[in-house]
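A short worksheet on the structure shown next.
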Amino acid sequence: MNIAILGNPDSWYVAELRRAARARSVDAATWDFTQLAASISADGHAVLHSGGAGRRLDAVIVRTMPPGSLEQVVFRMNLLARLEAAGTTVLNPPKAIECAVDKYLTTAVLQQAGLPVPETFVCESAAAALDALPRLGGDVVVKPLFGSEGRGIVRVSDPDLGVRVFRAIERTGGLLYLQRFVEHEGFDVRVLILDGQILGGMKRRSAGDFRTNVSRDAVAEPHQLTETERDYALRAAAATGASFAGVDLLYDRCGRLFVIEVNAVPGWRAFQKVSNMDVAQRVLETLISQCVRQTPLCEGHRAT
């Protein structure tokens, strides 16, 4: 079985996946999105990579989506879709990545699925964002539409600060994604899901920041999930189509539970420490199982 891991070769996650692949006698190459190309001719369609001569791919694991122009990102997503259409197992499926990478689309899909999400307003105009500020309680979290690990998130509870933040985003051509700030007790719940099954959950306690990301020095600890947390997490992953997902849940001070985010390229380093679970091994086992379910021969798609 041949797989490609689309990710940073220096990444801990890529190293873990390659270790798990070796244990299962799976040939795993590390690929770079920027080195992908496509060839279309009378002989058919092939996805090409500079380091993959002669390989036939059974599966692809997506571990990153590097910054790029709109054209580059659309091209990368289309390449993944063509690989999937040709019979290659892609984890996560392109549609799931496309949904989860876009916070607006994710929030809309979660709300449509009947899941509780914080009140949200998305626009291109600083003036419209300022008008929305009082309707969102005068205290909002401004998030980049694309991004993770708490990067680029700003809390705005002062109109004067709002003017500066909103206009700066407008000048750079960005979208303004405003979400009502949820007063919480300093922790959130991360649920890790793989192939429709919950691997487990953890609490992430903030270290004095409203953001509860471990990358922002939050402390991870084991957490026994409640039935409601399990239900919300499974429904959220299903709504976005993510086979491998990290779902973030947040309680307000009144005990109401909200679904905050679905990550389709989830990290698991902190979860692995608190759970003692070999997540990479579970991912490889699931990938092999998905590949077999998709096509008994699992011949894959040509890549050169």
For region 261-272, pairs from a residue that is without any contact (Cβ under 8 Å) to a residue 12 or more places away in the chain and outside the structural domain of Tyr13 (by TED's automatic domain parsing) to a residue that is outside any helix (DSSP H, G or I) and not basic (Lys, Arg), with Cβ under 9 Å and 6 or more apart or across chains, are Gln272/Asp278
Checked pairs for region 82-103, first within 22 Å of Ile260 (Cα to Cα), second assigned to a helix (DSSP H, G or I) and among the polar types (S, T, N, Q), C-beta under 7 Å and 6 or more apart or across chains, list as Ala96/Thr240; Cys99/Thr106; Cys99/Thr240; Ala100/Thr106; Ala100/Thr240
A careful count of residues in region 98-112 that are modelled with pLDDT under 95 and buried (at least 23 other Cβ atoms within 10 Å of the Cβ) gives 1
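Can you tell which of Arg76, Arg63, Arg18, Arg56 is of a type in the set (D, E, K, R) and more than 20 Å from Pro94 (Cα to Cα)?
Arg18
Name the residues in region 162-183 that are more than 21 Å from the chain's Cα centre (by Cα) and closer than 20 Å to Asp252 by Cβ, would you?
Step one: filter region 162-183 for residues more than 21 Å from the chain's Cα centre (by Cα), giving 162-173, 180-183.
Scanning region 162-183 gives Arg180, Phe181, Val182, Glu183.
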Reported set for region 63-89 where residues are in contact with a Leu (Cβ under 6 Å, 6 or more places away or on another chain) and either crowded, with 23+ Cβ neighbours inside 10 Å or not assigned by TED's automatic domain parsing to the domain that holds Val14 (or both) is Thr88
The strands (runs of 3 or more DSSP E) lying wholly within region 82-172 that contain at least 3 residues that are farther than 30 Å from Ile3 by Cα are 120-123, 140-143, 154-156
inquiry  = If I filter region 29-45 for residues that are in contact (Cβ under 8 Å) with a residue 24 or more places away in the chain, surrounded by 15 or more Cβ atoms within 10 Å (Cβ to Cβ) and in a helix (DSSP H, G or I), do I get at least one hit?
reply    = yes
Residue check: is Ile153 surrounded by 19 or more Cβ atoms within 10 Å (Cβ to Cβ) and not assigned by TED's automatic domain parsing to the domain that holds Met77? no
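Condition check ((1) among the aliphatic types (A, V, I, L, M); (2) at pLDDT 95 or above; (3) assigned to a helix (DSSP H, G or I)) across all residues:
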site: Ala239; (1), (2), (3): yes, yes, yes
site: Val247; (1), (2), (3): yes, yes, no
site: Val259; (1), (2), (3): yes, yes, no
site: Phe271; (1), (2), (3): no, yes, yes
site: Met277; (1), (2), (3): yes, yes, no
site: Ala280; (1), (2), (3): yes, yes, yes
site: Leu287; (1), (2), (3): yes, no, yes
site: Cys291; (1), (2), (3): no, no, yes
site: Cys298; (1), (2), (3): no, no, no
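Those residues that are in a loop (DSSP other than H, G, I, E, B) and either assigned by TED's automatic domain parsing to the domain that holds Pro144 or over 25 Å from Val156 (Cβ atoms) (or both), I need them from region 187-206; list them, please. If you could, list the steps in order and put the result at the bottom.
The first filter runs over region 187-206 and keeps only residues in a loop (DSSP other than H, G, I, E, B), leaving 195-196, 206.
Residues satisfying the conditions are Asp195, Gly196.
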Within region 208-231, of all residues that are in contact with a Phe, Trp or Tyr (Cβ under 9 Å, 6 or more places away or on another chain) and assigned to a loop (DSSP other than H, G, I, E, B), the one modelled with the highest pLDDT is Ala218
Residue hits (region 1-15; assigned to a helix (DSSP H, G or I), surrounded by fewer than 20 Cβ atoms within 10 Å (Cβ to Cβ) and in contact (Cβ under 8 Å) with a residue 12 or more places away in the chain) are Trp12
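The values are calculated or read from the model by the stated rules, or taken from the named source; none is laboratory data. As the structure is a computational prediction, the values presented were derived from the model and not from experiment. Ideal geometry is used to build each Cβ from the backbone, glycine not excepted, and the neighbour counts take in all protein chains shown.
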